[in-house]
Every structure is written in structure tokens, then in C-alpha cells.
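Worksheet: one structure, shown below.
The values are calculated or read from the model by the stated rules, or taken from the named source; none is laboratory data. Not measured: the values here are computed from a predicted model. With ideal geometry, Cβ positions are generated from the backbone for all residues, glycine too; neighbour counts draw on all protein chains shown. To get the accessible areas, we keep the full protein, side chains included, count just its heavy atoms, and leave off ligands, DNA and RNA. Shrake-Rupley method; radii C 1.70, N 1.55, O 1.52, S 1.80 Å.
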Amino acid sequence: MDLTLTPEQQSFRDEVRAWLEANMPRDFAARVMASSDIPRPEAYDLLREWQKQLHRAGFIGLTWPKEYGGRGLTFVEEMILHAEMALAKAPPVLNILGVGMAGPTIIAYGTEEQKRRYPPKILSCEEIWCQGYSEPNAGSDLAALQTRAVRDGESYVINGQKVWTSLAHVADWMMLLARTDPDAPKHKGITYFLLDMHLPGVTVKPLRQITGDEEFNEVFFDNVRVHESHVLGGVNNGWAVGMTTLMYERLALGFGLQVRLRIALDGLIEMARRVEKGGARITKDPVMRQRIAQLWIDTECLKYTGARAITRLLKGEMPGPEASTGKMGWVDTHQRLQELATEIQGPYSQLMKGTQWAVEGGLWQYTFLRSRANSIEGGTTEIQKNIIGERVLGLPKG
Amino acid sequence: MDFGFSEEQELLRSTARKFFEKECTSEFVRKMMATPEGTTPEFWAKLAEQGWLGLIFPEVYGGAGLGFVDLVVLMEEMGRAVMPGPYFSTVHLGGLTILEAGSDAQKKRWLPKLSAGEARVTLAWTEPNARWDAQGVTVAATEAGGGFTLSGTKLFVPDAHIADALVVVARTAAGGNPQEGVSLFLVPKTAPGLEVTLLPTMDQTRKLCEVKLGRVAVPADALLGEKGKGWQPLTRVVERATVALCAEMCGGAQRVLDMTTEYAKIRVAFGKPIGAYQGVKHKAADMLVEVENAKSITYYAAWAVDESAPEAARAASMAKAYVSDASRRVSAAGIQLHGGIGFTWEHDLHLYFKRAKGSEFTFGDATYHRERVAQLINL
Ligand SMILES: Cc1cc2nc3c(=O)[nH]c(=O)nc-3n(C[C@H](O)[C@H](O)[C@H](O)COP(=O)(O)OP(=O)(O)OC[C@H]3O[C@@H](n4cnc5c(N)ncnc54)[C@H](O)[C@@H]3O)c2cc1C
């Protein structure tokens, strides 16, 4: 057990630190973004530019193989990068689903041609990706999805609907799960497509969220023709491919979430230092001190649980129980953090952006509302608990 | 960066687990609970034979010279077995205080004996005021006749009734900074005026005593370390002992989770194993999250105190805060998910539940340590 960095890792850290110091966007929009977990519409342009800048500096896709645009480094460097981004309060990247999910899945399952075609443009932010899994009648029970793909010559014709599709309104490509064999058992007749969002027959309708933002969408497919070369990982093998994506989602996005949590916690502490309640500073209140310290401790626990999971991966071992608990722990901690942030503001927590009375320009009101999605997106907390109970603890299915 | 255990450490873990499964059965634990000693000479000799009594002491003092992380692995396994007896007090409290503060002569005199299982030393620190800070130390040590006279009462002293000597934390000077003037004395149990009473405790596997010091006279060379400078070494000892205790709590919590998931697979209600019901399954998942986080923060703290990292104090407090809550909740959930059988004396769950409760309040509970974390992050 040794948590110190090797000289090479240290010099990588220094490289990242120096670069961030010189290149961090410092205007207000960027600061607003720093504490949110998902790109906000008002900052898309800035975040696209930010990702391009990071990419040019070689900091995107650290763990991807060099021949597909990555740097061929390990998860330790990935962890160092994210720790530094947290310290610097750096904004997230725009193509978060491409970098975190589509790219690694294509590298795992793609043909050589697919691997050369897509990943580099994901990293450079030339092509934005979205994830077309959920449907009106298939959320937690994803395998119940009904969007159809019917073979016609060398192509598939797609009809159906996706919903809650984040970033679809700016996306160039979609990770699409569609049913290719309606007669097979429900997990066996699904195929994973790489779908060009600009094809005729694709319609995107933004949905307004409780934050007021339009960040996710409905996507309709009306006789969309997709060439068979856009199948990923084989026909009717989509369930396995899709699950790989979800594994990467937990692993890779996990780093990013860790960063956002740290930044939010630092922000909360800064706010607590300024705010008074009943004539005394919040940080002098023994109950508040307890609650802030608990958030600090929980954030550190998540960090070290993540470090244990990475150590196992590096040693070539199977992910242990600690790998599956991260998302749930993160959700719980982040939602509690956002609740506490409103409590610190007291009556001011009612005021949104648009008045000088709003605390920090209404930033926390947005992040608080946004945090309610955390226990739904990427698999609900209830589903996570089913998975942990059944796959990790070996309890019987209900 | 490597946040895992070495092959040797994994080997130590599996050896220890096998050993305790054979030697420290539920039957043995229950027998020891009912005795005042809490251990047997045979069992104690076996621990010595394994090299575990001296695991962390340097080889020159008869130990094995291993590191603190190794010791943490062993503590986890001891917690898994709710091992009774004075291991914690002898090694983590008495032994490590002598190693930290003692002179070479004192170390040579005591540590080889502790390692060989031939002697036991405990730490008499806390008092009826139940404080963990320096102000809590009120037992007075007054200079008299070239030596010192100790007077006052120590409480919650583990295993004093079966120790050969006690490290007594006493005040040689009052006023000003309370950390100044705290001194450590090595006092033989047989010293006239020293009176030990075994107390009835909720966790019967861990024995606690009252120690009354009625004008106990000790010579000048009973001092462990410098006069008036005992608080610093004591703090270092307690920091480590706190992390070791966390490791023990993790081992206990993991065992409760294992017992509970096994039971949830076989106990049938309404025609299904209870583990198929989400009320049970989700609670078990919550238990796993807490157990895994508890281990992560404990391993981190173990590394930090072993390396004397600058953040060691904060790491130890983070661990004790998190693990105190987690082990209490996990052991309570274990009882709940077992139903009536979990509430019986016969089932082992209560041993873990009571150990968790005792450990929760040893060296400060979660509330105390959260406040310390708040201070250490400059809140
Ligand atoms: C902000 C946001 C962004 C999203 N982005 C995307 C995206 O980009 N792409 C995409 O494909 N999807 C996306 N989603 C969709 C998300 O994955 C689904 O909402 C989620 O999987 C839940 O499905 P559902 O909404 O149909 O709820 P349902 O599955 O209908 O669940 C309703 C409730 O029932 C509970 N429940 C369901 N089944 C069980 C069970 N077996 N045991 C116990 N409880 C159960 C759930 O936990 C939940 O509380 C996003 C969602 C949100 C909120």
C-alpha cells in the first residue's frame, strides 16, 4: 500500500497543473459550469472550445490506445488529471457521453475501421454523441425497448422513439439500441447501432426539465435507413455491448463525478464561511460543522473507494464489490450536499438568477434542482441496489 | 500509487482467518465472556507463537518488525472473530506507548516480554470526566522523595485487572496550556495504593476497569519519556490505536454482512427467500456500501499514520467518524434482517452489535471526530 506518486506520475501531475494554471477559462460562465455535473445549454460553445483545448494539449482520452487517438496511459494518470481539474475548479467537457461511453465501447467492440473512424473525432469534439437507450416504455426495464430495426438489403430501417436523450439536440451521433429480432427472448433480439443523427427521418424535440433548461429530448425515428456497417459488436448482440457501455459509464464518468463533488463541496464551504445565521457565522454553528464535516468525510470515502477499484484494475484483477458501490455513494452524498447548500442560504435559497439578491447569481438553485436527477439517470438508485444485492451479494431475484 | 495489499499481507489475512476460525470459535468467545480474564494462557501463548503479539515491535525488542498496515490486516481478522482478551490493550495501548515514549532500557525490559506473551501492560488514560483532550487528565503526580506520588481515579481502563503494569497518564504541572505538564508513568500493578475493580460491561468480550490511585509512590525512573511532555507521544499512540480499532470494526461489520446475506438466501417467508424482497435486498446493499467505504477510509488512514503523513490526524478522525456510524448501523441492520433469532443470546449477532457499540465510544464517537475534522479542515 503506497499512495505516493512515482516520479513519472509526479511529473505528469506537474504537467497538468502547469497547463491548467495557464489555460483555465476564467470568465464567469466557466465558473458557473464548474460546479454542475452535466453541460448546461448556455455554456455549450465555451465547453466545446474547452474540450478542443484540452484535446490539443493531450489530456482527453488518456487511457485510450494511441492508434485511436489516445495516450495509452493508465487509470492512475486519469485519476491524477481529474484530481488536478478538481483543484483548479475546471469545467467539464462537452462530449461527455462520447468520451465516457461511446468511445470506450467502440474501442472494445468495433471493427478496425470503426475504431479508426469514430474515437479520434470524439476526443477532438468534432462529433458529439448521445445515448439512445431509454424509451417511453423502457427505462429501468431497458430490455423491453420497442424501437424496431428491420433489415432491408444492406441496410436497416429504423422506426420508434427514444426519450430523455441528453444532448440529442446538439449530437451528431447516437449510441442506439433497437430491436432486430422481436421473436427472440427480450435480451437477445437487440442490436447496437452507431446512428448518424443527421440522417433523414430523425426528429429531435427538446424537453424542458425541472431546472427550466432543455437538456434532454425526445427522438423520433421515421423510416431511418442505416447501413449495416453501423452495427457495433454484431447483430442481436446489443445487450452485451450496451452493458459494456454502462460499465464504462460507471468507471469513467465516476472520475468526473468525483471532481464535480469536490468542487461543489469547496464551494459550499466558501459560502458557509460568508453566510450568517441568527447573527453568527454558519461555520460557528456546531450542527452545521457536523454536517459539513460529514460531507467532507463521505467525499473522501468515495475517493478512496475509487482508488481501491483502480488498484484492482491495474493489477489485472476483477472489479471487487467496491467498484459497484461508487455511484450510489456519490448520488447520496451529492444530493445531501445540495440540500445543505439550500439550508445554508435559508430564505435566500428561494431566489433564482435574475435578482441581485440571489446567492452567487442563482448557481446553487440550478445545481440543487439538477441533483434530483442523479438518483434516476444512469440507472435509478433502486435498480443499483437490486444489482448490488443480486450480483455482488448473490441474493435471489425478486 | 498502489491502494491494495501486498501478497504477504494477503497471506497474513488468510492465515489469521484460518487460525481464528479454528481457535476463536463462537464457543470459545462465549466461554471467555463469562470469565473475568477474557482469555486463556493457552490461547495467549498461541498468539505469541504466531508472532502476532510482537508483530509491530522492532526485532531488537523481540518483535517481528512489520508495519502498521500489516497490523491493520490482523485487526480486521480479529474483529471478524470478535476476539476476546487483552490484545488491543497490550499491543496497541501499553506496548506502543512504551515503544513511542520509553527509554531504550524500558523498551528492552518490557517489549520482548510482551512479544513472548510473558507480560501485559495497559494504558490508564481516561477518567470519570470521559474527556479525550488534555484537560481530561487530572490524576495528580506530585514530586516526593526523589520520585512521584500519583493520586486520582482512572476509568474505562481496558484489562487493567490482568495487566502486570499500567502506563498511567498523570499531571505533573497544572495551569497554562493543558497539554504541557502531562506525564506518563509505568506503574507495576502491585504498587501499594493501586486498586483495580473490574466493571460489568455491555460488551463482555472487552473488559474495562476502574483504577484508583491512592497516593501510589513510584520512583523517578518510572517516568516514560520526559516529564511534562507526555501528551505528544500519547497523541501519536492514540491516533494509531484509533485506526487499529477502525480496522477491527470493519472486520466485525463485514462478518455481520456475511451472516446476514447468507441468512437472507435461506430464510423463507411467504414462499420466497427473504433476500428476494427489496426491503431486505436494498438494506443489504446499503450495508455493503457502508462496509466498503469504511474499509476504504480505514486503509487510507492506516497508510497515513504509518507514513506519518501531514494529514494523518485528519485521516484518523475521518476514519473513526465514518466507521463508528457505519459499524453501529450495519450491526443493527444485521439484527433487524434476522428477525427474532437475531435478538437471541444464542445467535452471535449480539456479540458484534455490542462490540460495535463499545468501539463507537472508545477514543471518541462520530460526533467528536466530525468536530475534529471540522477543525482540521479549518472550518
Ligand atoms: C436528467 C436525465 C438524463 C437522462 N439522460 C438519458 C440519456 O442520455 N439516454 C438515455 O437513454 N436515458 C437517459 N435518461 C433516462 C434514465 O436512464 C431513466 O429515466 C431511468 O433509467 C429510469 O427509467 P424510467 O424513467 O422509465 O423510470 P421507471 O423505470 O419507470 O422507474 C420509475 C420508478 O420505479 C422504480 N423501479 C422500476 N423498476 C424497479 C424495480 N425492478 N425495483 C424497484 N424499483 C423499480 C424506479 O427506481 C423509479 O423510482 C436520463 C434521465 C434523466 C433524469
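When A:Ile310 is tested against (1) in contact (Cβ under 8 Å) with a residue 60 or more places away in the chain; (2) closer than 15 Å to B:Phe5 by Cα; (3) facing another protein chain (nearest Cβ under 7 Å), exactly one condition is not met: (3). Applying the criterion of at least 3 residues that are out of contact with any Gly (no Cβ under 8 Å at 6 or more places or on another chain) to the helices (runs of 4 or more DSSP H) found wholly in region A:49-149 leaves A:75-88, A:103-109, A:112-117.
Of all the residues that make up region A:380-389, how many are in contact (Cβ under 8 Å) with a residue 12 or more places away in the chain and more than 6 Å from the ligand (Cβ to nearest atom)?
Just the residues of region A:380-389 that are in contact (Cβ under 8 Å) with a residue 12 or more places away in the chain, to begin with: A:380-388.
Subsequent filtering for residues that are more than 6 Å from the ligand (Cβ to nearest atom) retains A:381, A:384-385, A:387-388.
Selection size over region A:380-389: 5.
Scan region A:358-379 for residues that are among the charged types (D, E, K, R), open to solvent by 40 Å² or more (accessible area, probe 1.4 Å) and within 14 Å of the ligand (Cβ to nearest atom) and jot them down.
Just the residues of region A:358-379 that are among the charged types (D, E, K, R), to begin with: A:360, A:370, A:372, A:377.
Still in the running and open to solvent by 40 Å² or more (accessible area, probe 1.4 Å): A:360, A:372, A:377.
Of everything in region A:358-379, those that are among the charged types (D, E, K, R), open to solvent by 40 Å² or more (accessible area, probe 1.4 Å) and within 14 Å of the ligand (Cβ to nearest atom) turn out to be A:Arg372, A:Glu377.
Here the condition is being open to solvent by 50 Å² or more (accessible area, probe 1.4 Å), within 14 Å of chain A (Cβ to nearest Cβ) and on the phi < 0 side of the Ramachandran plot; of B:Arg370, B:Arg329, it holds for B:Arg329 alone.
The criterion of at least 3 residues that are in contact with a strand residue (DSSP E or B) (Cβ under 9 Å, 6 or more places away or on another chain), open to solvent by 20 Å² or more (accessible area, probe 1.4 Å) and within 16 Å of the ligand (Cβ to nearest atom) is met by the following strands (runs of 3 or more DSSP E) wholly inside region A:182-267: A:202-207, A:216-227. Of all the criteria given as (1) away from chain B (no Cβ under 14 Å); (2) open to solvent by 20 Å² or more (accessible area, probe 1.4 Å), the one not satisfied by A:Gly70 is (2).
Being within 9 Å of the ligand (Cβ to nearest atom), hydroxyl-bearing (Ser, Thr, Tyr) and open to solvent by less than 10 Å² (accessible area, probe 1.4 Å) is the filter here; which residues of region A:134-172 pass it?
We begin by selecting, within region A:134-172, every residue within 9 Å of the ligand (Cβ to nearest atom); these are A:134-142, A:162-168.
From what is left, the residues that are hydroxyl-bearing (Ser, Thr, Tyr) are A:134, A:140, A:165-166.
Answer for region A:134-172, where residues must be within 9 Å of the ligand (Cβ to nearest atom), hydroxyl-bearing (Ser, Thr, Tyr) and open to solvent by less than 10 Å² (accessible area, probe 1.4 Å): just A:Thr165.
When region A:325-340 is examined, which residues are found to be among the small types (Gly, Ala, Ser) and more than 8 Å from chain B (Cβ to nearest Cβ)? The answer is A:Gly326, and nothing else. The helices (runs of 4 or more DSSP H) found entirely in region B:1-97 that carry 2 or more residues being among the aromatic types (Phe, Trp, Tyr) and farther than 29 Å from B:Ser308 by Cα are B:7-23, B:41-50.
Going by what's in this entry, would B:Asn129 be described as of a type in the set (S, T, N, Q), open to solvent by 20 Å² or more (accessible area, probe 1.4 Å), out of contact with any strand residue (DSSP E or B) (no Cβ under 9 Å at 6 or more places or on another chain) and assigned to a loop (DSSP other than H, G, I, E, B)? Even if it seems obvious, please write down each step before you answer.
Values: of a type in the set (S, T, N, Q): yes; open to solvent by 20 Å² or more (accessible area, probe 1.4 Å): yes; out of contact with any strand residue (DSSP E or B) (no Cβ under 9 Å at 6 or more places or on another chain): no; assigned to a loop (DSSP other than H, G, I, E, B): yes.
No.
If you go through region B:335-363 and keep only what is open to solvent by less than 30 Å² (accessible area, probe 1.4 Å) and away from chain A (no Cβ under 13 Å), you end up with B:His338, B:Gly342, B:Leu349, B:His350, B:Leu351, B:Tyr352, B:Arg355, B:Ala356, B:Ser359, B:Glu360, B:Phe363. Within region A:82-99, is there a residue that is open to solvent by less than 20 Å² (accessible area, probe 1.4 Å), within 11 Å of the ligand (Cβ to nearest atom), under 17 Å from the mean Cα position of the chain (by Cα) and not aliphatic (A, V, I, L, M)? No; the residues of region A:82-99 include none that is open to solvent by less than 20 Å² (accessible area, probe 1.4 Å), within 11 Å of the ligand (Cβ to nearest atom), under 17 Å from the mean Cα position of the chain (by Cα) and not aliphatic (A, V, I, L, M).
The set of residues in region B:1-19 being away from chain A (no Cβ under 14 Å) and in contact with a helix residue (DSSP H, G or I) (Cβ under 6 Å, 6 or more places away or on another chain) consists of B:Ala16, B:Arg17. Taking every residue in region A:353-379 that is within 26 Å of A:Gly132 (Cα to Cα) and pairing it with any residue that is modelled with pLDDT under 90 and away from the ligand (no atom under 16 Å from the Cβ), at least 6 positions away or on another chain, the pairs with Cβ-Cβ distances below 6 Å are A:Thr367/A:Ser35.
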